[in-house]
Amino acid sequence: MAAALEQPQKLDLREPKGWRRTSNRIATWLMVLSFILVIIPLVFVLFTVVAKGISVISWSFLTSGPIPPNVLPASVGGLGPAVLGTIEITALATIMAVPLGVLGAIYLNEYGGKGFLGKLIGFFSDVMTGVPSIVMGLFIFSIWVLHFGFSGFAGALALGCLMLPVVIRSSDEMLKLVPDSLREGSYAVGATKARVTVTVVLPAALGGIVSGALLAVARAAGETAPLLFTILTVATANPNVFSGPNTSLPSQIFVNATQPYVGAQGRAWGAALTLIVIAFVLMIAARIVTARFTRYSR
Amino acid sequence: MSIAAKADPAIPAGSATGLSERRPLGDRTFQIVALGSGLLVLVILVLIAVSTSQQASLWFSTYGWKVFTNDWDPAANHFGALAFIYGTLVTSVIAIIMAVPVSVGIALLLTQVVPYRWSRPIVYVIDLLAVVPSVVWGLWGILVFAPWLNHIYANIGSAVKGIPILGNLFGPPTSGASFFTAGVILAFMITPIVTSLSREVIATVPAIDIEGAYALGATRLEMIRGAVWPHSQGGIVGSVLLGLGRAMGETIAAALVIGSSAQITSHLFAPGDSMPAVIANQFGEASGVFRSALIGLGVLLFAITIIINLIARGIVDRSARRKRGA
């Protein structure tokens, strides 16, 4: 028995040999390769947009208008109307969709989440995130534009419909992370449910909600399809978002992309760079909010 | 008796039925407002179905089942949409075939291979891909990527010319703006969503299964096949379906790079058209039955994506529930 203790059976802990090792390595390299395959187009796109857009972008490009005819070179005039339109329409969509989305998430999480209706709403907000953006455009065209005409507001309605389920879902996730002890503590001192939700639960989840909303705005700012049939695409600035056709950076890119003129294409690249910068800034802002103001995370 | 109970001064009003029955007006209003916002989702979905179907009814009532023929000629008032349905299917299947292996590969890389410290930057990169707007993919696709691809298509086309099947799929005529180009661009665009959904699914594999497989001496590949795959199969199928739904509805990038040619052909390098693309490209000049037909395509698209989403969410939810139950 003593001999057995002195000489324990040796366990071979080295990496297995032969095909088992080879296949394992191949699998690992295939995973790394799949990541590289994704980086290539991303770098390619970003490089092209920056290389072609940077020479076009200037302060006057971003502010001056009206948008010059396609035949003129990109150095003349600018896309001021489109920048104004994008800001107006996205802001209006945000004002509509974010509060409603957060309230919807509050219903799901604080009131009816366990019941049949709550489950139904939760399930269909997931389904609604999959509705194609062009269908939202057609929807707003059918119920709004046919009766009241093209306007920035119609575009904002379409973008809002796209943002709503995204905001509901991201806010719901964040509200779920707020510990129940906070709610129970507030109930114990006699607060009503609405007061607990607004003064305790929401502030606790605010960082995550804001960050989710910023990401939704970043996606919405680049959407084209819902705007095509709701705002039209015009060359002049329209500061009145509630009436008359408008324009936006993405619709301008869409119109210019198929033009044979170098100037029109140049303006499209400039607009693309502007859009990407806007989206990245919002995304980074969301990261900063997440890092600095989120109290509870997974 | 109830009158007597109310009149009894010893019992404060309402106290017998508990505090919750006597909620202040503001509290109840807040609940109703929240409920209303939640119901908005259902209301919007119903409104989408009703209002777009109404606009599309002219198309369906005028042409009946002929809406599903391969005959699209707005100038001659022919509105058979089969070519667009075909194009939507072909491009999204190409996108899925390319995006799914890559997405699952990245999801496995993130969850099973790299340490947490490295997985964060990889996730950021994938998120960047998701933030590039559709129209920017389209702009790059039509002005840079398609001309470049056409050289490759031409080479492949002349190489497989005359070979059965391959020649029919990849042979000439070729065009930079084609089914295949649209499929590739769609693949780039759906990779982030399929990756993040598969990653969530794979992350639910119990650590005890993974550790058990390793403890039995499995290599990483064997562990993935034996522990990760059986557990996350269903959820990955669900995320693939959600990716398919996205690819089918993706409009602007496809509208720019697909070539806008209503034809049904086996040649993947030939120009084609898809449902969302034709809506985006032709809606501006449409009126009457033409417009009704385009909105009708939107209704079809809505119905298809809703069905796919219902199935996919069902699968994902079920696999998530099984995970929690286990």
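Couple of notes before you dig in:
- Largest GNM mean-square fluctuation across A:Gly53, A:Gly270, A:Gly149, computed for chain A with C-alpha springs under 10 Å, falls on A:Gly149.
- For the pair A:Val277 and A:Val189, label points projected 7 Å from Cα toward Cβ lie 4.7 nm apart.
- With Cα atoms, 0 to 90° folded angle of helix A:80-106 axis to chain A main axis: 40
- Note on chain B: with a GNM built from Cα contacts shorter than 10 Å, the maximum mean-square fluctuation among B:Val144, B:Val240, B:Val67 falls on B:Val144.
- Length-normalised contact order of the stretch A:79-174 in % [C-alpha pairs under 8 Å, at least 6 apart]: 48
- Mean per-residue shielding of peptide B:156-167 is 0, counting Cβ atoms of other chains within 10 Å of each Cβ.
- Within the stretch B:207-241, backbone nitrogen closer than 20 Å to the virtual label 7 Å beyond the Cα of A:Ser23 toward Cβ: B:210-233
- With R₀ set to 35 Å, the beta-carbon distance separating B:Ala203 from A:Ile39 gives a calculated FRET efficiency near 0.95.
- At least 24 Å along the helix axis (C-alpha) and Kyte average at least 0.0, DSSP helices within chain B: B:25-63, B:82-108, B:179-203, B:229-249, B:288-325
- For chain A: relative contact order, % (alpha-carbon pairs under 8 angstrom, 6 or more apart): 26
- Charge tally around A:Leu273: other residues with Cβ under 15 Å, Lys/Arg +1 each, Asp/Glu -1 each, net +2.
- From the alpha carbon centroid of the stretch B:193-231 to that of the stretch A:251-298 is 36 Å.
- Here the simple spin-label model places points 7 Å from the Cα toward Cβ, and for A:Ser58 and B:Arg318 these points are separated by 6.2 nm.
- Computed [θ] at 222 nm, deg cm²/dmol, chain B (DSSP H ≥ 4; -39,500 (n - 2.57); rounded to nearest 500): -23000 deg cm²/dmol
- Ranked by the mean number of other Cβ atoms within 10 Å per residue, highest first, peptides A:186-192, A:204-210, B:48-54 order as A:204-210, B:48-54, A:186-192.
- Structural descriptor for chain B: relative contact order 25 percent, calculated from alpha carbon pairs under 8 angstrom and at least 6 residues apart.
- Surrounding net charge for B:Trp137, when Lys and Arg each add one and Asp and Glu each subtract one, Cβ distance under 14 Å: 0
- Nitroxide proxy distance, nm - points 7 Å out along Cα→Cβ at B:Gln233 and B:Val144: 4.2
- Per residue of peptide B:291-297, the mean number of Cβ atoms on other chains within 10 Å of the residue Cβ is 2.
- Structure-based [θ]222 nm, chain A - -39500 (n - 2.57) summed over DSSP H runs of at least 4, per residue, nearest 500: -22000 deg cm²/dmol
Readers should treat all values here as calculations from the given coordinates under stated rules, not as data from a laboratory. These numbers come from a predicted model, not from an experiment. Neighbour counts run over all protein chains shown; Cβ positions are idealised from the backbone, glycine included.
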